[in-house]
Amino acid sequence: MAQIDLDKVLDKAWADKDLPAVLDAPVSALKGVSDRQGKLLDEAFGVKTVADLANLKYARWAQALATLAPDAK
């Protein structure tokens, strides 16, 4: 199973939280996502939490397409 360095993907305030708490956190818990960007994701797609973003069908579709063509950038 792949591992991820939570310090690299989460704001400091969230890096020591357990996974269920992180999934319930606002998307601004992700490093590089501001509160304003989180609000825009909510307005555009109804994304309020990290789990919502992970389950966003458009993100999943894009990830699947990228997986099909790993050399394309």
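For the reader, a short list of remarks on this structure follows.
- Alpha carbon Rg of the chain, scaled by the compact-globule rule 2.2 N^0.38 Å: 1.19
- For the chain, calculated [θ]222 nm from helices alone, where every DSSP H run of n ≥ 4 adds -39500 (n - 2.57): -13500 deg cm²/dmol
A short reminder: the numbers here are calculations on the coordinates, not readings from a lab. Predicted, not measured: the structure shown is a model, and the values here were computed from it.
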